[in-house]
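Shown next, in structure tokens, is the structure this report addresses.
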Amino acid sequence: MTPKKTADQAAPRAAELRAQLEDANYRYYVLDDPTLADADYDRLLRELEALEAAHPELASADSPTQRVGSTPAGTFAEVVHAVPMLSLGNAFTDEEVVDFVRKIVERLDVASPQFSVEPKLDGLAISLRYEGGRFVQGATRGDGATGEDVTLNLRTVKAIPMKLRGSGWPPALEVRGEVYMPLAAFKAYNEKALKEGGKVLANPRNGAAGSLRQLDPRITAQRPLAFYAYAVGVVEGYELPATHSATLKQLRDWGFPVSGESDVVAGSDGLLGYYRQMGDKRDGLPFDIDGVVYKLDDYAGQREMGFVSRAPRWAIAHKFPAQEQSTVLEGIDIQIGRTGAATPVARLRPVQVAGVVVTNATLHNADQIARLDVRIGDTVIVRRAGDVIPEVVRVVPEYRAPDAPEWRMPAQCPVCGSEIVREEGEAAWRCSGELSCPAQRKEAIRHFASRRAMDIEGLGDRYIEDLSDLGYLQSVADLYKLTLEDLLEMKRRADERDGTTPETVKAGKVATKWADNLLEAIDHSRKTTLERFLFALGIQHVGENTSKGLATWFGDLQLVRGLPWPLFKRVTDIGGESARAIGHFFDQPGNQQVIDALLERGVHIADSHAPSAKLREGLNLATLLVDMEIPKVTKIRADQLATAFADAETLRDAPEHAYITAGLPADSAQALASWLSVEENAQLLGRVGDALKRLDALTPASSASSAGPLDGKTAVLTGTLTALTRDEAKARLEALGAKVAGSVSKKTSFVVAGTEAGSKLDKAQELGVEVWDEAQLLTYLAEHE
Ligand code: IVH
């Protein structure tokens, strides 16, 4: 054992670790220039924790290890602010700003006073007290005169220094600033809360305020809070610099984060210029700001200006238009997106938000509506930030009508009337109309014509828009019946509609070259490959790889378009979700009609071929039963069923006890019977059986080679088999090349033991011969026959 270090030996290392960790915090939060990787920070922190645990006398309240939060205090004590924490007057217009400057100019008799200008973050104001360079107390603003002692919570905020850097600090110093939650942290926090079913934070401001008012500092420690300093309170035994901006610089040197957006400007032009500059930057900042703050930079001037009630005459907050407003939700419309996603959109009583009239806002999806519990007629808070689509962020429940019903996704697509469906485990609802839904049509056509699909050169977005809007394209199939007259007429109508002078007329003759070219490109695309064609259909989850897989394995469009979904799982890399999507696509009569029309209008797949040998390898009733995802029908059970029943139809029509006779345990048999009692499932099994027969006919088994996998092996059967008779078992083993013997010897390769196996099984165990149960036999047969 290595001798334990004494506290004296450990102390220098602990001090070194603390210095390194504090330095890392400083670089990260103040200089915005991190040099230590997260993992290294954690490693150093753990080392320090271990040292402090081994030598409790080394631990101190301002150690970086204490940032994880100490035990709850119970309540917050009151803190009286020796220097009151003031508030600011607000300016909303340029005139108010000009007025603010004019008063200063007049009173101080300076032509163009200098101002320290800073962003105004929306968080919680706090005051931090340092004695001898150490953080001793932190308090909220409260009513400005008295706040709450939140020292323990503030210790967890890594951006707040526990010890000041450098030297020569005042013996007592109060630093004021804002604790806030950066937007990324806010989003991450809410995403996690949603996933874990926790409570979400309404906005970053509430996030910061709520976190600081947690009675348990360990909770605060988990909230990603930040801080920046913007003022000083009590300063004892120290002469501050003559200006606010110089003080901010000094604070930064002592280790406080100071906003990098701060600046010094002169006169009202300087202020308004800064306001616009920050307004432009606002949406790109990593935190919410609700305005900017102007402070007369010169302290002597500040003193001379003095205060009105509780606000200084030397400073003002110039506010940005609010990003959140309340209004009434008048309705919820369903918008059908490019892939059929049905997105609920809030129809709002028009309201000005951040300078723009908002009438619609996104509600994201049905889950979000349920989460917010938004109901039609509700008063809602709408938020708009920059170019981002306005969103409904919450409901004001106090204003809800008592009888307002919960909102539900409509059953039908408002555009085409097809069913709106939702796949299990997916957030989005979709219109199932696919190619027959006009809202999805344009995007479908765009995809269909794209380079990697049918590759129709020259069919740009504008033509797609116009051809669809003017009724020339109901589906992708209509591309193949367009005539020169159609195209020219379309162009003429589009020009009329847009009030543009047709180029054709300008040129004094009918320019038809573009139309000729487009028709030629369309014609050229008629001859295609199965892979491209399947990709072009735009089936959900079917990208180029999946199309290629389908084309290679099945080889023929007529085959593929008629298969039930479990068959698609045979293709390598196609899972249940994609297989269901493909099956669903082909099950829609509208989609089948489009395919028929395409073929009728001359689309021709040039590379059709017979199904691949690979498909044949894994194709049998047992694998398909597993592919169908029937509850409790595992591979072993599927093998038993496939052995016991001649085909899917017989299996489907058999009574439940026949499944038990086939070897299934009672619960699997029951699960299967109840699954089959659903008409849709019974039909699916029927279709799978038919498909299997069709494919069997198309892909004759490769002529059995004489060398079976059990060549040279000797098997012995004993006990009672349930799924097959002994003779069957013997015949099938022999077909694979095995010799089936009557007694066990050292030469026996394996023994198949059914129920009530007797002396032969004992003998096998004695000799160490491999023993299979019936299930293993069935699996083996299924895999090798
Ligand atoms: S100075 C006497 N500077 O705005 C000056 N305040 O209504 C006192 N705030 O409670 C405040 N950013 O929470 C100042 N750069 C900044 C600020 C700022 C945000 C908040 C602060 C204060 C409120 C003033």
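Quick note: the coordinates plus some simple rules give every number you see, no bench work behind them. Predicted model, so just to flag it, every value in this text is computed and none were measured. Counting neighbours? That spans all protein chains shown, and the Cβs are built from the backbone with ideal geometry, glycine included.
Rg over Rh for the stretch 98-169 works out to 1.15, using Cα positions for both radii and the Kirkwood form for Rh. Here r is the Cβ-Cβ distance between Ala404 and Asp280 and R0 is 41 Å; the resulting FRET efficiency, rounded to 0.05, is 0.50.
Ratio of Rg to Rh for the stretch 390-496: 1.16 [Cα atoms; Kirkwood radius as inverse mean 1/r over pairs]. Modelled spin-label separation between Ser745 and Ile376, with each label point placed 7 Å from Cα along the Cα-to-Cβ direction: 8.6 nm. Multiplying the residue separation of Ser450 and Val80 by 0.36 nm and subtracting their alpha-carbon distance yields 126.2 nm.
Here the Karplus relation 6.51 cos²θ - 1.76 cosθ + 1.60, evaluated at θ = phi - 60°, turns the backbone of the stretch 752-762 into coupling constants of 9, 10, x, 6, 6, 5, x, 4, 5, 5, 4 Hz, with x for every Gly and Pro.
Find the relative contact order for the chain and round it to a whole percent, using C-alpha pairs within less than 8 Å whose residues are 6+ positions apart. The value is 7 percent. Fully extending the segment from Glu649 to Asp690 would add 13.9 nm, taking 0.36 nm per residue of separation and subtracting the current Cα-Cα distance. DSSP assigns beta bridges within the chain; of those with both partners inside it, close to 80 percent run antiparallel.
Compared with the alpha-carbon gap, the fully stretched path from Trp514 to Val68 is longer by 153.7 nm at 0.36 nm per residue. Annotation: aspartates and glutamates with alpha-carbon distance below 13 angstrom to Lys713 (same-chain offsets under eight excluded): Glu734, Glu770.
Taking every alpha-carbon pair under 8 Å whose residues sit at least 6 apart, the stretch 433-573 reaches a relative contact order of 25 percent. For the stretch 556-564, backbone phi angles converted through the Karplus equation (6.51, -1.76, 1.60; θ = phi - 60°) give residue-by-residue couplings of 9, 4, 4, 6, 4, 5, x, 7, x Hz, Gly and Pro being listed as x.
Whole-Hz Karplus values for the stretch 358-368 come out as 10, 10, 10, 8, 7, 10, 6, 7, 4, 4, 5 Hz, taken residue by residue from phi with 6.51 cos²θ - 1.76 cosθ + 1.60 and θ = phi - 60°; glycine and proline positions read x. Between the helical axis of 7-25 and the longest alpha-carbon principal axis of the chain there is an angle of about 90 degrees. On a 28 Å Cα-Cα criterion, which of the cross-link pairs Lys187/Lys442; Lys192/Lys635; Lys569/Lys632 come out too long? The answer is Lys187/Lys442; Lys192/Lys635. Any idea what angle helix 484-498 forms with the longest principal axis of the chain, computed on alpha-carbon atoms, 0 to 90 degrees, nearest 10? Helix 484-498 and the main axis of the chain meet at about 20 degrees.
Please work out whether the stretch 23-80 counts as rounded, prolate or oblate from its C-alpha gyration tensor, where a ≥ b ≥ c are the square roots of the eigenvalues and a/c under 1.5 means rounded, while otherwise a/b larger than b/c means prolate and anything else oblate? Oblate, because a/c is 1.5 or more while a/b does not exceed b/c. Distances between placed amide hydrogens fall under 5 Å for Val234 paired with Val83, Glu174, all partners being 5 or more residues away or on another chain. The GluC sites (Glu not before Pro) found in the stretch 421-467 that occupy coil by DSSP, while having at most 14 further C-beta atoms within 10 Å, are Glu424, Glu426, Glu457. Loop-located GluC sites (Glu not before Pro) across the stretch 620-717 with a Cβ neighbour count of 14 or fewer within 10 Å are Glu629, with loop assigned by DSSP. Calculated [222 nm] ellipticity per residue, helices only, for the chain: -12000 deg cm²/dmol; basis is -39500 (n - 2.57) per DSSP H run with n ≥ 4, divided by all residues, nearest 500. May I ask for the angle, rounded to the nearest 10°, between helix 679-698 and the longest principal axis of the chain, with both axes built from Cα atoms and the value confined to 0 to 90°? On a 0 to 90 degree scale, this one is about 60. The GluC sites (Glu not before Pro) of the stretch 236-297 that DSSP puts in a loop, and whose beta carbon has at most 13 other beta carbons within 10 Å, are Glu239.
For the chain, the square roots of the Cα gyration tensor eigenvalues, ordered a ≥ b ≥ c, give a/c of at least 1.5 with a/b no greater than b/c, which places it in the oblate category. Under 15 Å from a label point 7 Å along Cα→Cβ of Lys730: give me every residue in the stretch 742-785 with its amide N that close. Answer for the stretch 742-785: 742-744, 752.
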